[in-house]
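Participant: If you scroll down you'll find the structure; I have some questions about it.
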Amino acid sequence: MTAAADRSQRWNRLLELLSESGRLTVEEAAAILSVSPATIRRDFTSLADQQLATRTHGGIVATSVAYDLPARYRGNGDEPKQRVAEYAAALVNPSEVVGLNGGTTTTAVARALAGRPDLPTSADNPMTIVTNALNIAGELVLRPHLRTICIGGQARRESYELHGPLAERAMAQLHLDTLILGVNAITAAGGAQGRHLDESGINAEMVRRADRVVVVATAEKLETTALARICPIEDIDILVIDTAADPDAITAIREAGVRVDLV
């Protein structure tokens, strides 16, 4: 396990404990996680820097953010989805402009990005997140080391995604270094696909505005098709998917020229 992955697991566990008890001391956390007090102090400082907790003398206490922590921090996460999210987040350069559409997998990626310890803390060169998902924007705006841009449009209640002509016009004025794209289905023949026409339309515009497109998906997305095509398979640079993915489907996607990373 890499140092970053180990640190991420510790933070997840610390936030889970914090959401249960409301406060933690360095000594308590060090004993539970079997690490040194110095490591816990650094972790506490990092969590406080991200406004996920408030640092106190000898420990941390939960903030309002911590009480509303998403499932990933409460230990209820989907393990394959979380592996995909952590891996995809690590592909991004800390100074990039990163696009994220809506969905549970991209939301997990957003949280993994926010938790990266190597992000610039200077206001002069922050990582910039561009999203059409209200829930992602609402979470990331709390992170002082990120610049969050939420494009406008009509909101869809089921997915929190903004779509429509206003969203597409706003997106047409922006540039993305990397787009992290969640999909409802992906195949070599059909490319990236979504269930809803309007959401697929704004997602397609995000693809057009990106230098690099990284699709994040779990294995079941290879076993279905959806109504609307977001982009052909040739527009995708990398597919990050869990190891339960069908080998024949993966082979076909690789033969279409897409890099596939199994995690």
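Participant: For Rg/Rh (Cα atoms, Kirkwood Rh), the choices are (i) 1.05; (ii) 0.99; (iii) 0.93; which was calculated from the structure?
Facilitator: (ii)
Participant: Name the residues whose placed amide hydrogens come within less than 5 Å of the amide hydrogen of THR56, ignoring near sequence neighbours (fewer than 5 apart) on the same chain.
Facilitator: VAL61
Participant: For ALA185, what charge total do you get from the other residues with a beta carbon under 11 Å from its beta carbon, if Lys and Arg give +1 and Asp and Glu give -1? Walk me through the intermediate numbers first.
Facilitator: On the way: positive: ARG195, LYS221, ARG229; negative: GLU220, GLU223.
Counting the neighbours of ALA185, the net charge comes to +1.
Participant: Right, something else. At q = 0.11, 0.18, 0.19, 0.20 Å⁻¹, what is the log10 ratio I(q)/I(0) for the range 125-263, with the Debye formula run over Cα points and no solvent?
Facilitator: -0.40, -1.02, -1.11, -1.20
Participant: Continuing with the same structure: List every residue whose amide H lies under 5 Å from the amide H of VAL130, counting only residues 5 or more places away in sequence or on a different chain, with H placed 1.01 Å from N in the peptide plane.
Facilitator: Amide H neighbours of VAL130, under 5 Å, 5+ apart: VAL98, GLY99, LEU100, ILE149.
Participant: Report the residue, chosen from ALA30, ALA245, ALA167, that carries the largest GNM mean-square fluctuation when the chain is represented by alpha-carbon nodes joined by springs under 10 Å.
Facilitator: Among ALA30, ALA245, ALA167, the largest GNM mean-square fluctuation belongs to ALA30.
Participant: Here's something else I'd like to know. Assuming 0.36 nm per residue, please report the length gained on full extension of the stretch ALA90 to GLU255 beyond their Cα-Cα distance.
Facilitator: Roughly 56.9 nm would be gained on extension.
Participant: Given only helices, namely DSSP H runs of n ≥ 4 each adding -39500 (n - 2.57), what is the per-residue ellipticity at 222 nm of the chain, to the nearest 500 deg cm²/dmol?
Facilitator: The helix-only estimate for the chain comes to -11500 deg cm²/dmol at 222 nm.
Participant: Equivalent ellipsoid semi-axes for the range 149-229, as square roots of 5 times the alpha carbon gyration tensor eigenvalues: give them largest first, rounded to whole Å.
Facilitator: Values for the range 149-229, descending: 21, 15, 10 Å.
Participant: Among GLN173, GLN193, GLN50, determine the one that fluctuates most according to a GNM of the chain built with springs between C-alpha atoms less than 10 Å apart.
Facilitator: Judging by the Gaussian network model, the answer is GLN173.
Participant: Go through the range 123-176 and name the trypsin sites (Lys or Arg not before Pro) that are in a DSSP coil and have 16 or fewer other Cβ atoms within 10 Å of their Cβ.
Facilitator: ARG157
Participant: Using each residue's phi in the range 13-19, evaluate 6.51 cos²θ - 1.76 cosθ + 1.60 at θ = phi - 60° and report the 3J(HN,Hα) Karplus result to the nearest Hz, with x for Gly and Pro.
Facilitator: 3J(HN,Hα) across the range 13-19, in whole Hz: 5, 4, 5, 4, 4, 5, 5.
Participant: In whole percent, and with a 1.4 Å probe on the protein chains, what portion of the accessible area of the chain is carbon and sulfur?
Facilitator: In the chain, the share of accessible area belonging to carbon and sulfur is 49 percent.
Participant: Can you check what the net charge comes to around VAL26, using other residues whose Cβ is under 15 Å from the Cβ of VAL26 (Lys, Arg +1; Asp, Glu -1)? Could you put the intermediate results ahead of the total?
Facilitator: Details: positive: ARG10, ARG13, ARG23, ARG41, ARG42, ARG55; negative: GLU27, GLU28, ASP43.
Charge balance near VAL26 sits at +3.
The values are calculated or read from the model by the stated rules, or taken from the named source; none is laboratory data. Computed from a prediction, not measured in an experiment: that's the story for all the values here. Because the Cβ atoms are built from the backbone with ideal geometry, glycine has one as well, and the counts that use them run over all protein chains shown. Heavy atoms of the whole protein, side chains included, go into the accessibility calculation; ligands, DNA and RNA do not. Shrake-Rupley method; radii C 1.70, N 1.55, O 1.52, S 1.80 Å.
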